[in-house]
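Asker: Once you've had a glance at the structure underneath, I'll fire off some questions.
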Amino acid sequence: MIGRYRVNMAMNKQASNLESFSAQQWQSGEHQLVCVEKWNETHDVMSFRFQGTTPVKFHFKPGQFLTLLLEINGQKIARSYTISSSPSRPYSIVLTIKRIEGGKVSNYLADNLEVGHMVRALGPDGAFNLVDIPADKYLFLSAGCGITPMFSMSRWLTDTEMGPDISFLHSAKSNKDLIFESTIAQMAERSSEFKLNYILEELGIFANVGISGKFTDKQAGRLNAENLARLVPDFKTRTVFVCGPEPYMNAVKALLESLDFDMSQFHQESFGSFKGDSAELSAAKEQNTNTGDHLAANGFMLSIGDKSRNLAAEQTVLDGIEAEGLPIIAACRSGVCGACKCKVVEGEVESSSQMALTPDEIAQGYVLACSTKLKSDVTLEL
């Protein structure tokens with residue numbers, strides 16, 4: 001019986017391999033994914049590997065993200081996470097997620113998403129990637145979980161090019177907070193032009209087991225002009241990719257500007273600064289800008305079907321849609337993912353981002369609700 005079971009398992013595995021070989025290429029849109037593996041990267045960071053419910057080859061640009069569509073305690077929530085795997089290894093896709101204290105989604109996924117569970121996802125999306133931002137020499141600057149797009153990009157480059165010229169400088173709180181440490185070190189070992197360094201707020205005691213010293217060492221402190229020039233002397237000749245907490249990205253941008261860096265070669269990930277839940281965000285904005293009778297001083301009227309709401313000058317169309325409880329997916333909240341696309345039927349608006357819209361959609365009146373404010377009374381179609 002055991003032998004027959006093993007034979008059947010082998011046959012099933014062979015059949016699965018044949019199916020994977022002929023897998024369809026993954027297309028942008030909504031997908032049903034199944035979790036096939038789950039593991040800890042650090043004490044508060046976890047990775048989840050997904051495959052399609054039928055075999056697919058995952059096709060995306062290194063650095064892009066997925067938006068998970070979840071229902072938690074009866075509430076529909078969408079969250080965007082960078083794909084940490086590389087399209088050079090196309091038969092599965094990995095999301096790496098950090099627990100956020102009090103975070104409804106990150107803690108829910110860590111505690112409840114198990115192998116065999118299915119999730120819905122939108123994507124891939126995002127202009128922060130190696131295809132839309134070509135370069136010859138790379139400088140990856142990241143902090144915390146902002147390492148995920150840099151990991152995907154590094155894997156892609158080392159898988160597909162001979163000796164890609166990469167300087168990778170990652171900042172973290174301590175040695176125990178280093179995500180993908182051994183895997184990135186192995187990439188650096190295999191590629192002669194891959195220079196890897198770390199800057200740690202708390203240096204502590206550590207050992208680089210099995211690493212021959214391809215990266216200089218782990219520096220104490222924070223990124224500044226001195227250690228940037230020392231660790232990456234030719235940084236002005238490189239195309240810079242930055243991802244991390246918003247204060248980190250702002251500080252890096254200010255630092256490079258102060259060093260007369262050519263900011264046309266500066267690129268940063270722009271989604272993910274919002275860390276709460278959409279319902280909490282709506283409630284906070286309602287409390288600050290509305291007076292209980294749904295009126296806002298010096299505002300304009302937003303009309304959607306039989307719903308109307310007066311919005312203040314600083315409120316977005318998304319604020320009004322969520323305040324009325326109307327169905328909309330708002331994942332990145334930064335005008336990148338395109339999930340909150342809607343159509344202006346009548347009236348004038350001002351948008352800070354059209355990144356996820358095609359020229360035809362713009363011509364038809366589509367806007368991104370999270371990045372659009374009213375300039376007159378507006379009629380909207382979801």
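The values are calculated or read from the model by the stated rules, or taken from the named source; none is laboratory data. Computed from a predicted model, the values in this text were never measured in an experiment. A quick note on method: Cβ atoms are made from the backbone with ideal geometry, for glycine too, and the neighbour counts reach across all protein chains shown. Protein only, heavy atoms only, side chains kept; ligands, DNA and RNA dropped before computing areas. Shrake-Rupley method; radii C 1.70, N 1.55, O 1.52, S 1.80 Å.
Asker: Of (1) surrounded by 15 or more Cβ atoms within 10 Å (Cβ to Cβ); (2) without any contact (Cβ under 8 Å) to a residue 60 or more places away in the chain; (3) hydroxyl-bearing (Ser, Thr, Tyr), Ser258 satisfies all except one. Which?
Answerer: Tallying (1) surrounded by 15 or more Cβ atoms within 10 Å (Cβ to Cβ); (2) without any contact (Cβ under 8 Å) to a residue 60 or more places away in the chain; (3) hydroxyl-bearing (Ser, Thr, Tyr), Ser258 fails exactly one: (1).
Asker: Does Tyr198 qualify as being under 12 Å from Phe168 (Cα atoms), at pLDDT 90 or above, of a type in the set (Ser, Thr, Tyr) and open to solvent by less than 50 Å² (accessible area, probe 1.4 Å)?
Answerer: yes
Asker: Residue by residue through the range 57-75, note down the ones that are in a strand (DSSP E or B) and either of a type in the set (D, E, K, R) or open to solvent by 30 Å² or more (accessible area, probe 1.4 Å) (or both).
Answerer: Lys57, Glu71, Gln75
Asker: Between Asn40, Asn8, Asn12, which is at pLDDT 85 or above and exposed (fewer than 11 other Cβ atoms within 10 Å of the Cβ)?
Answerer: After applying the criteria, what remains is Asn40.
Asker: As an exercise: evaluate Val336 against (1) open to solvent by 70 Å² or more (accessible area, probe 1.4 Å); (2) in contact (Cβ under 8 Å) with a residue 40 or more places away in the chain and give the number of the one condition it does not meet.
Answerer: Tallying (1) open to solvent by 70 Å² or more (accessible area, probe 1.4 Å); (2) in contact (Cβ under 8 Å) with a residue 40 or more places away in the chain, Val336 fails exactly one: (1).
Asker: Has the range 213-221 got at least one residue that is surrounded by 13 or more Cβ atoms within 10 Å (Cβ to Cβ), of a type in the set (D, E, K, R) and at pLDDT 95 or above?
Answerer: There is no residue in the range 213-221 that is surrounded by 13 or more Cβ atoms within 10 Å (Cβ to Cβ), of a type in the set (D, E, K, R) and at pLDDT 95 or above.
Asker: Mind checking whether some residue in the range 119-127 is part of a loop (DSSP other than H, G, I, E, B), buried (at least 23 other Cβ atoms within 10 Å of the Cβ) and among the hydrophobic types (A, V, I, L, M, F, W, C)?
Answerer: Looking for residues that are part of a loop (DSSP other than H, G, I, E, B), buried (at least 23 other Cβ atoms within 10 Å of the Cβ) and among the hydrophobic types (A, V, I, L, M, F, W, C), one finds none in the range 119-127, hence no.
Asker: Name the pairs whose Cβ atoms lie under 6 Å apart, with the first residue in the range 314-332 and on the phi < 0 side of the Ramachandran plot and among the hydrophobic types (A, V, I, L, M, F, W, C), the second at pLDDT 85 or above and part of a loop (DSSP other than H, G, I, E, B), and 6 or more positions between them or separate chains?
Answerer: Leu318/Cys340; Ile328/Cys340; Ala330/Cys340
Asker: Taking the condition farther than 23 Å from Lys236 by Cα, out of contact with any helix residue (DSSP H, G or I) (no Cβ under 7 Å at 6 or more places or on another chain) and at pLDDT 95 or above, does Ser174 pass?
Answerer: No, not satisfied.
Asker: Restricting to the range 321-333, give me the number of residues that are assigned to a loop (DSSP other than H, G, I, E, B), aliphatic (A, V, I, L, M) and open to solvent by 20 Å² or more (accessible area, probe 1.4 Å). First the steps, then the outcome.
Answerer: Initially, the range 321-333 is screened for residues assigned to a loop (DSSP other than H, G, I, E, B), giving 324-333.
Now drop any that are not aliphatic (A, V, I, L, M), which leaves 326, 328-331.
Narrowing the set further to residues that are open to solvent by 20 Å² or more (accessible area, probe 1.4 Å) leaves 326, 328-329.
So the answer is 3.
Asker: Could you list, in sequence order, the residues of the range 171-195 that are in a helix (DSSP H, G or I), over 18 Å from His43 (Cα atoms) and open to solvent by 30 Å² or more (accessible area, probe 1.4 Å)?
Answerer: Gln186, Glu189, Arg190
Asker: Looking only at the range 136-170, filter to residues that are among the small types (Gly, Ala, Ser) and open to solvent by 20 Å² or more (accessible area, probe 1.4 Å); which one of those is farthest from Phe48 (Cα to Cα)? If you could, list the steps in order and put the result at the bottom.
Answerer: Keep residues of the range 136-170 that are among the small types (Gly, Ala, Ser), which gives 142-144, 146, 152, 154, 163, 167.
If we keep only those that are open to solvent by 20 Å² or more (accessible area, probe 1.4 Å) too, we end up with 144, 163.
On the way: Gly144: 18, Gly163: 29 Å.
For the range 136-170, the residue satisfying everything is Gly163.
Asker: Further question on the same structure: Of the residues that sit in the range 150-170 and are under 20 Å from the mean Cα position of the chain (by Cα), of a type outside the set (Phe, Trp, Tyr) and not in a strand (DSSP E or B), which one is farthest from Gly244 (Cα to Cα)?
Answerer: Checked the range 150-170; the qualifying residue farthest from Gly244 (Cα to Cα) is Leu157.
Asker: Still on this structure, please answer the following. Does Leu318 satisfy being at pLDDT 85 or above, more than 30 Å from Phe140 (Cβ to Cβ) and crowded, with 16+ Cβ neighbours inside 10 Å?
Answerer: The answer is yes for Leu318.
Asker: In the range 76-95, which residue that is of a type in the set (S, T, N, Q) and buried (at least 22 other Cβ atoms within 10 Å of the Cβ) is nearest to the chain's Cα centre (by Cα)?
Answerer: So, considering only residues that are of a type in the set (S, T, N, Q) and buried (at least 22 other Cβ atoms within 10 Å of the Cβ), the one nearest to the chain's Cα centre (by Cα) is Thr82.
Asker: If I ask for residues that are assigned to a loop (DSSP other than H, G, I, E, B), of a type in the set (Gly, Ala, Ser) and at pLDDT 90 or above, which ones from the range 90-117 would you list?
Answerer: Scanning the range 90-117 gives Ser92, Gly116.
Asker: Could you please find all residues in the range 348-378 being in contact with a helix residue (DSSP H, G or I) (Cβ under 7 Å, 6 or more places away or on another chain), open to solvent by less than 60 Å² (accessible area, probe 1.4 Å) and either at pLDDT below 90 or not in a strand (DSSP E or B) (or both)?
Answerer: Across the range 348-378, the qualifying residues are Ser353, Ala369, Cys370.
Asker: How many of the residues making up the range 96-105 are open to solvent by 10 Å² or more (accessible area, probe 1.4 Å) and polar (S, T, N, Q)?
Answerer: Here the count works out to 0.
Asker: So which of Phe235, Phe241, Phe261 is closer than 15 Å to Ser171 by Cα and hydrophobic (A, V, I, L, M, F, W, C)? Show your work before the answer.
Answerer: Values: Phe235 fails: closer than 15 Å to Ser171 by Cα; Phe261 fails: closer than 15 Å to Ser171 by Cα.
Sole residue among the options that is closer than 15 Å to Ser171 by Cα and hydrophobic (A, V, I, L, M, F, W, C): Phe241.
Asker: Among the residues in the range 283-304, are any among the aromatic types (Phe, Trp, Tyr), on the phi < 0 side of the Ramachandran plot, at pLDDT 70 or above and buried (at least 19 other Cβ atoms within 10 Å of the Cβ)? Reasoning before the result, please.
Answerer: Going through the range 283-304, the residues among the aromatic types (Phe, Trp, Tyr) turn out to be 300.
Right, trim to on the phi < 0 side of the Ramachandran plot and you get 300.
If we keep only those that are at pLDDT 70 or above as well, we get 300.
Of the ones still in play, those that are also buried (at least 19 other Cβ atoms within 10 Å of the Cβ) are 300.
The answer is yes, given that some residue of the range 283-304 is among the aromatic types (Phe, Trp, Tyr), on the phi < 0 side of the Ramachandran plot, at pLDDT 70 or above and buried (at least 19 other Cβ atoms within 10 Å of the Cβ).
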